[in-house]
Structures are given as structure tokens and as C-alpha cells.
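Below is one structure; the comments refer to it alone.
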Protein chains: 2
Amino acid sequence: MLSTMQDVPLLISRILVHGSTIHGTSQVITWTGEDEPHRRSFAEIGTRAAQLAHALREDLGVAADDRVATLMWNNSEHVEAYFAIPSMGAVLHTLNLRLPPEQLAWIVGHAADKVVIANGSLLPLLAPLLPHLKTVEHVVVSGPGDRGLLAGADVQVHEYEEILAGKPTTYDWPELDERQAAAMCYTSGTTGDPKGVIYSHRSVYLHSMQVNMAQSMGLTDQDTSLIVVPQFHVNAWGLPHATFMTGVNMLMPDRFLQPAPLAEMIEREKPTHAAAVPTIWQGLLAELTARPRDVSSLGQVTIGGSACPPALMEAFDKLGMRVCHAWGMTETSPLGTVARPPAHTIGTEEEFGYRLTQGRFPTSVEARLTGPGGERLPWDGESAGELEVRGPWIAGAYYNGPDAEPLRPVDKFSEDGWLKTGDVGTISPDGFLTLTDRAKDVIKSGGEWISSVELENALMSHPAVAEAAVVAVPDDKWGERPLATVVLKEGATADFETLRAFLADEGHIAKWQLPERWTIVEAVPKTSVGKFDKKVLRRRYAAGELDITKL
Amino acid sequence: MLSTMQDVPLLISRILVHGSTIHGTSQVITWTGEDEPHRRSFAEIGTRAAQLAHALREDLGVAADDRVATLMWNNSEHVEAYFAIPSMGAVLHTLNLRLPPEQLAWIVGHAADKVVIANGSLLPLLAPLLPHLKTVEHVVVSGPGDRGLLAGADVQVHEYEEILAGKPTTYDWPELDERQAAAMCYTSGTTGDPKGVIYSHRSVYLHSMQVNMAQSMGLTDQDTSLIVVPQFHVNAWGLPHATFMTGVNMLMPDRFLQPAPLAEMIEREKPTHAAAVPTIWQGLLAELTARPRDVSSLGQVTIGGSACPPALMEAFDKLGMRVCHAWGMTETSPLGTVARPPAHTIGTEEEFGYRLTQGRFPTSVEARLTGPGGERLPWDGESAGELEVRGPWIAGAYYNGPDAEPLRPVDKFSEDGWLKTGDVGTISPDGFLTLTDRAKDVIKSGGEWISSVELENALMSHPAVAEAAVVAVPDDKWGERPLATVVLKEGATADFETLRAFLADEGHIAKWQLPERWTIVEAVPKTSVGKFDKKVLRRRYAAGELDITKL
């Protein structure tokens, strides 16, 4: 029996029309480095998004589900592109300006982007790439920057403001299928080619509602959100869409992501919410320590991307900025969990512990843990397994070109369609996730898992240890066993027996998890973003390049 | 181009599983009239809902989309039925225990209900009806009440607790189409047969997310919601589903809806939120005035069903209970608007004015005003038209039996599928709705609309007037003109010229809206629920039974 409800699709154009009418006076405030930031009302964003859509269709020939890429900072023009492109039926492709150029070129080609809208300040990055972007026919430039860099390029170059000028200020947004592609992001995997994730109108709409639910970020038109997380990073965690849904003002840093301007924009514009990765907040904290400012407007600071060190969380608490952990990834749109402690712990000693977890799953994100043998593990806060998730804003495949079947690699998707996150952790009976390792780094020993991160943290708390990396190495009896790679502090000494005993006594590591294989190295190899490069360590071990002591 | 998102349906079973695991310790607290209320955790609700589904399927033969009716107060068993019935794929049909018995019988027959789950305390209502309920095969009785009343009835009678006992505590909830029927309510129209509205899993799920958005009710597991609005009244405004989504405790009054027990449950259980129609709050205010209690836990009181008188709102403000208007109807699930004032008015004189409106539309409810000639009217806060709405939780038709096409009466649905609400009002540029009349009562004069309610309120503010009803009567020149029907206070006198001048001078009524036709009556005829019965007045006028003075 069918319902008698109206069959109304969940479309991004609805969010645009709603935000630009009912919340027409809310603002996108873009930092300019000048005395005054640039302010544009949601109503203006609405008319300019309509003009942009007309320009893309009529001047640039964007049709059907053509891909329109953006190479832009967080600013009001980028918000206009966010709404115009999917609302007209095309697909927004946000380019990560921090990727190596050759990866960017590969991604643009794979997505077959037809248009790139770029900030003028990013032309030094774009111009040398252009000869390699075979699918790109048009470049639209917005904001200050040297257009001369594009001279001689084999594309049509347009000025953003010029193509908008004089266009109609309304657009008859089409009634699309809500499952149609709206936006795409590529994951920057460390192995293999980048993988494309395509969000639908439905997934963006539902995700925006979740972000605004009181148990998640709970934003309303009384809020101003400082969106530091880049718009090319999982749609700035969905915030531009979510804020338009409830009239939240957006404070956009553009290219001014350094601690000093961030501190200034917080003090001057008094945002009530902010979102960024921990590194940004580390820098901000140092700045605020050196030059104190009033940042107490920030009642809620969402931190994701990686775990927030407890010391940083406590330091921000003291400044009146309350940090709230969230976990997600490109494949999860990204809201997977939010660490709001359960009601009964508020004001108790337990509260802080809950804030250090990755958080609790919302209704629309189903979660399960899979153990080393593929078995389902209980939510007991102790059994560690790979996290798998399912839900209407979770990827079930990767894009593989317009004419190809979507990719479903077996290491990323289960047979029954769940996303394998590659993260290993525990879930408490009340649904709080604690991540302990990456699945590729965990040590699979005799059917049980040993967390490399837990061993590393315990080792690094020893006074003689500067850095420590633990990787899995093959073992005839146990399948895999941990290898401890230690960098000693300058002038410090410590023998392996002592370190091993320290792990057991002070680190509370179970006996069967203690490493037998030990080595001293000068430095732990790192990836380009500063993470331990465990692939290199495993390769060196396999090649016999490390001097191993077996206890 | 399709997205790569998972295709996961929005189902009520997901809300049930989520609430009963991640929020397993949250509670449904049911008032019993005894010293202690009855407390049941969400985890228990989850296992008992599974048991109920097994019992309905295996013992009572409920299959496919069979309708299972409830004739129950607000209590934990009713919550179990709310989740078990739709989750198993059947359709929950909540019966309004305040309807006249013959209407109830008609509704049960029309829906072809197979099972009725009834509270024991309601058997005196159900027992005499049973011989007329031809489709009902099973009655399940829950809670105290005289089972002897069912003796001799031609149905199988079951004890709720007995059929649950020993059943498995989990159920393999089916993966349904999210557009499938989940629950149904009949509107109690004053004319014609009641009309059935069928909610889908999708509409209930989306509506629950909206209720929990910070701009609507914004509830979390830190809240306890006192749900006074009956579960048979538009699904208790969607609160049982919404609370399960975020772990909000439910405080359920069962049959104890009188002011004294309500005041007691507020003082003892300290709910943070409550939802009810104004009449309930009028009674509670009188009780609190007579016997003061601490009710300040109630930071948010949602009032819907009809407008809250300003004096009542101010009185509650003084008690620390903050009233928030909401507007909706059975056909809108019901959340249509919520009156949270815009951020820039908070703390200003404008704020209270916004709180007196019906409120602002959320993203998922599109609204438009249609004027007397079918034209679209602007959102200028002045142009009054009939409100039409569109959205994923708005009805697009009425149920007309399992084998019949849904009904789409032209006075209820526009040609392009919008719901005609039958309410007349204005919308401000920032999307706040102010209702001024019902469409059937508005006076259509020369292509413009005159609000009967506005004239009545102005007349009733005259010291000599006890009651006044204004209805449309035919007019050769203008189509329709207002007829003012006045009841004078005992011993008071007033001539019509004076009252007319009063309307213009004190009531600020435009000259062209002033009534020419006047009459004095002993009393205004009323409907069974105490509203002015304007049909009767129009009939009496047409029959020449009224003594009319024309000015």
C-alpha cells in the first residue's frame, strides 16, 4: 500500500531557494585582508547563483550532467558555484589545490571536467597545468590575480563577474531525480589512483538536515560558522549546504588561513561555531598564547580529519572555545560520528573521556565491526575490528568514468554493500566509536589484532624515546608480529628489555601484544603530509636493511 | 549521471534499532496515577516491539500491509505499537477516541482494520462499537480495565502481555520501499466523510529529522519531552519517532490529562519540553495559579492546533515556561511552521510579535499564497491568500480504500499537486506565516478578501459585545459582503452605527471592509467542539430567519 504523501524530490535547488528567500538577510562574510571583509547576503547569493547558471548554460554550453570544476578558496563565489552547478543539473567537482599537479591533472581528466572556475590567486597553480587538462574548454576567473598567466592557453578564458553581468536573476531550476549526481570529490589515497566519490542531491540534503540536528552541530540563524575546512575537502564537511538550510552566517577565510588572520576574524566577527582539522587549531592556540584575543564567542568548535590531542582540547576549554570531535571521510559525506557526551555524563568525570572518542553515530549511519576473520564483533568497548558503515550518505562504490560501471574494490566495500572504512576501533554499548588504528597498519597476530598506534603512544611516553613506529612483519607462527622502530632522544640511551618492560608495566600492554623485534633508527620515514610512512619501514625490513634485535 | 552513494531506504525500523541500542538507556515514563510512574527503557521498547511484531504475525496473522489500529492513550505500549507495526511492513492506524462512535466505526471500516490494540480503560468505548466493526478479527487489550465488557463479542480477544511473553526479542525487519505506507490518520472534517491521510516511512523519517533540527524543536538526549498531544492526533506531532532518533526521554500522561496531574508530573519529572493544544495549557495555568508549583524545567513548550492567546503566552513566560507556536495539520505530518523569531529580533520589541505568528517554514515545506482569483500573491506581510504547501511530508491525496485510486478533491489539492490548506493568511518577506481566517469563512468582496476573524476580534473588544460572528452573505454588487452577528452583554446596549464607527476608529478596519448588514442574536450557534458554527448562521440568513438592519 502506497502512502498519500507528495512525491517531492530532495534537491539542492530547494535549499538554495529556501536560504535565499526565508534567510535572505543572512550573510556570507569573506575575509579580504583589507580593513573590512566582503559581505554578501544569502538573497544576493541566490540571484547570483541564478546568473551563474544562465552563464554556464548559455555562454559556456554546460548541459546535462557536465562536470564543472572549482579551484577556489572558501569564499562567497565558491558558495555560488556550490548551489548553481548542481541546481541546474550539472555536477560540481571541487579540486584540492594541495594535491601534486600531476594528480590534479589526472583527476580533471578522469572526471572529464569541461569548465574550471578558479580564483585569480590560484592561477599560478592552474596555468602550468592547463596544457595537460585535455577535457577543459573554459576557464572562469574570479577575484584578484594575474590573468596574464593564462595567455596562450588553449581554452576560452572568462571573467566571473562579466559572464554574470546582465543575466536574469532567477532560473527555472529543473525537477531532477534526487539520486542524480550533484557533486564529486576524489580521495587522495596513498596507494593507487585517486578514487571519485559522487554525492547525490538526496545525500547532500539528508546530510545537511543531520548537520543541523541538535545532536550534531545544531546550527540556527543565531549562529555564524567560521568554515576553515576547505570547500574542496568533502564539501567543507557539508557546511555550506547546511548553513543555507537554516540561515547560519558563513565566515569564510579565503586564502587567509594563517593563525594571525584567523584569530583576528574570530575576534572581530565573533563566530559561534568553527570547523577545521587539528593542525589549524594547534597554530591558532600558539598565536593566542603569544597575542591573547577574545575568542569566547566560539561556543562550539568541530574538529575532524584526525583526533584532537587531549591537551589541545583542554587548552581551548580554558579559552571558552569548546571542542567537539567528529569523525568522517570523503566516502561518508563526511558526517559519521559526533562526540557529544551522553546526557548522564554531563558535568561528571566521565564527560571528558566521551569527548575524546570519535563520537556517536546518528540514526542514518549504521555501524558494525568486523574482526580479523570476518566475524562480527560486539559493541562492548573492547573488541577491536574494522569499522564498516551503511547509510543514505555513505558511498557504495567509486566513480569510474561516465560509461563505465562503478568500482567496488573488495577491500573497500563488503559483499552486502557496506563501506569498509579502513579504520580499526571499538564501539561502546552506547554507540561511541574509539578509533585505535588504520586497518592497513594493525598487526594481525594469531587471529587477534594488535594496535600499532597504541604501542607507539605507549613507547613515546618513555622519557628516552623521541619517536616510535610499530609495523607488522611476517611471522611463521603467528602470521604477523609487531616490529618496534625507535628513535632515541639526543644523548639518551635505553635497552630494548627496559622498553619492553616499560610497555608492560607503565603502558598496560597485554603480554601477548609486546613486540619481540626491535630496532633503533635515526628517524621515522614520513609521508608528504608528515604522517609515519609505514610502507617504507615494512619495505626496509623485508629487504633486510634494518638491524633487528629479537628478544 | 547517478551518484555512487548507497541506496539505503529511510525506514522506521532504522529509527527503532538506533533508539533501542545507541539510546537504549533513555526512557518512556508513563503516568499511572500511583506513587511512581512506570518506566521503560528504549532498549526494552526495542525488544518488546520485536515481540509484538512476532505476535501480530504469528499469532494474529497480520501480513503484508494489513492495518492494525490502536485505541490507546499516550503510554509505552502505544510507543511499542508505533514502531512494531510499520517496521514489520503493516500499517499503524491510530483511532481518535474523542470522535463520535458512528464516525469511529465508519473509519475502522474504511481503513479495513484487521486488529485493534486497545487500552483496558477504553473498553467501555470499544465494546459497544465492536458489533459494527466488520473487518476487525482481533482485539488486543493492554493495561487495567474490565475485560468482561468484551464478553460475547464476535472477535478473538488477546492479552497484550500474554501474546508478547516468550516471543523472540529480535525481529528481522524487512527492507521496505521507503514510500510504502507506515501509518494513517483520518481528518475529522466538519463536512463530508473523514479523509484518510497515509504517511510513508520516508515522510515520517524526514519529519523526525526536521523536528530535531535546532531551528525546530532541537531535542537531544538531554531532554525529556512531555507529550500531551495525543498519539492519535497526527502521530503526537511526530514526537515518538523524533525522540527515538535522538534519545529524548518521553513523559507520557496516559489518561491523566487533567491540570492537577499534569502539574504534578511536570514538577516531579522535570520535562524540558512539552507539546499540547492551547486548551490544555489554559487549564494548567489556572491550576498553577491556584496551587503554584515549580514548572521552570519547561524551557520549551510547543503549542499547535490553534493560536495561543498572547495573554497565555505572557503568563507562561512569567513562570519560566517559554511557549513556541507551531502550525500544521493532519495533512502536513504536521510540522508546517515553527515560530522561532529571527536572530536579529532576539531581545528586541519585535521578538514577541514574531512569536505570535504561526512561524517560519523549514526547507522541506514550500509555501505559496493564492488569492481570490487564483493569482499568486507576494510575501509582503499584507496580501492575504489561501496557503498552499508542497513537500515530502505533505499529503498529495487522500486514501480511498485499498483498490481505489486516491482521492484528490479540487478544493484540497491544486492541479499541480500542492495541498490547499484551507487556511487564509499572509507571509512576511522573511517567511513568517500569519493566519487570519479559514478559507471557507473569508468574505470574498469584489475580488478582495475580508477576514471574518479580524472583524470578530475587533467587535468583541467593544465593551458592550459578548460575542460576535461574521459570515459572508451574497451581494449583487460585490459578490459577497460581511454580515455582523452580535450578542450583547447582559444589560448592555449599543446601536449598529456606534459599533460600525468603533470598528473603523478603534479596530483600524479599512472602510471597504466594514459590514453593512447587522443583526442581534441571543447566542452564536456552536459546533460540538465549541467553535462558531457559521454554516448555521449562513443557512438562517438565507432562510430569512434573521432580523437584518442594513446601514
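Bear in mind that the values in this text are calculations on the coordinates, not laboratory data. Worth saying up front: this structure is predicted, and the values here are computed from it rather than measured. Positions of Cβ are generated from backbone atoms using ideal geometry, with glycine treated the same way; all protein chains shown enter the neighbour counts.
Structure data summary
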{"item": "The stretch B:468-509 - residue that is in contact (Cβ under 8 Å) with a residue 60 or more places away in the chain and of a type outside the set (Gly, Ala, Ser) and, of those, surrounded by the most Cβ atoms within 10 Å (Cβ to Cβ)", "result": "B:Thr485"}
{"item": "Subset of the stretch B:494-523 [aliphatic (A, V, I, L, M), touching a strand residue (DSSP E or B) at 6+ places or on another chain (Cβ under 9 Å) and not in a loop (DSSP other than H, G, I, E, B)]", "result": "B:Leu499, B:Leu503, B:Ile520"}
{"item": "The stretch B:119-150 - residue that is buried (at least 19 other Cβ atoms within 10 Å of the Cβ) and among the polar types (S, T, N, Q) and, of those, nearest to B:Leu97 (Cα to Cα)", "result": "B:Asn119"}
{"item": "Whichever residue in the stretch B:515-542 is of a type outside the set (Gly, Ala, Ser) and surrounded by fewer than 12 Cβ atoms within 10 Å (Cβ to Cβ) and, among such residues, is nearest to the chain's Cα centre (by Cα)", "result": "B:Val529"}
{"item": "Failed condition for B:Ala274, given (1) free of Cβ contacts under 8 Å to residues at least 60 places away in the same chain; (2) within 14 Å of another protein chain (Cβ to nearest Cβ); (3) in contact with a strand residue (DSSP E or B) (Cβ under 6 Å, 6 or more places away or on another chain)", "result": "(2)"}
{"item": "Given (1) away from chain B (no Cβ under 12 Å); (2) farther than 21 Å from A:Glu331 by Cβ, index of the condition A:Ser428 fails", "result": "(1)"}
{"item": "Residue satisfying all of: in the stretch A:341-356; buried (at least 18 other Cβ atoms within 10 Å of the Cβ) and not in a helix (DSSP H, G or I); farthest from the chain's Cα centre (by Cα) among these", "result": "A:Pro342"}
{"item": "Whichever residue in the stretch A:46-63 is farther than 21 Å from A:Thr243 by Cα and of a type in the set (D, E, K, R) and, among such residues, is surrounded by the most Cβ atoms within 10 Å (Cβ to Cβ)", "result": "A:Arg57"}
{"item": "Residue ranges of helices (runs of 4 or more DSSP H) in the stretch A:1-88 with at least 1 members β-branched (Val, Ile, Thr), within 14 Å of another protein chain (Cβ to nearest Cβ) and within 23 Å of the chain's Cα centre (by Cα)", "result": "A:12-21, A:76-87"}
{"item": "Entirely in the stretch A:401-454, the strands (runs of 3 or more DSSP E) that have 3 or more residues that are within 29 Å of B:Thr246 (Cβ to Cβ)", "result": "A:419-427, A:432-438"}
{"item": "Verdict on A:Val28 being touching a helix residue (DSSP H, G or I) at 6+ places or on another chain (Cβ under 6 Å) and without any contact (Cβ under 8 Å) to a residue 60 or more places away in the chain", "result": "no"}
{"item": "Count - residues of the stretch A:184-241 that are within 7 Å of another protein chain (Cβ to nearest Cβ) and either outside any helix (DSSP H, G or I) or within 22 Å of A:Ile266 (Cα to Cα) (or both)", "result": "13"}
{"item": "Test: residue in the stretch B:331-340 that is away from chain A (no Cβ under 14 Å) and either surrounded by 14 or more Cβ atoms within 10 Å (Cβ to Cβ) or not in a helix (DSSP H, G or I) (or both)", "result": "no"}
{"item": "Where B:Val115 falls short, out of the listed (1) free of Cβ contacts under 8 Å to residues at least 60 places away in the same chain; (2) surrounded by fewer than 23 Cβ atoms within 10 Å (Cβ to Cβ); (3) not polar (S, T, N, Q)", "result": "(2)"}
{"item": "In the stretch A:377-390, residue surrounded by the fewest Cβ atoms within 10 Å (Cβ to Cβ) [restricted to those that are within 14 Å of another protein chain (Cβ to nearest Cβ) and not in a loop (DSSP other than H, G, I, E, B)]", "result": "A:Arg390"}
{"item": "Every pair of residues 6+ apart whose Cβ atoms lie under 6 Å, when the first sits in the stretch B:130-143 and is within 19 Å of B:Met72 (Cβ to Cβ) while the second is among the polar types (S, T, N, Q)", "result": "B:His138/B:Gln156; B:Ser142/B:Asn119; B:Gly143/B:Asn119"}
{"item": "Matching residues, the stretch A:341-364, being facing chain B (nearest Cβ under 9 Å) and closer than 26 Å to A:Pro392 by Cα", "result": "A:Pro342, A:Arg360, A:Phe361, A:Pro362, A:Thr363, A:Ser364"}
{"item": "Qualifying residue in the stretch B:247-260 (condition: assigned to a helix (DSSP H, G or I) and away from chain A (no Cβ under 14 Å))", "result": "yes"}
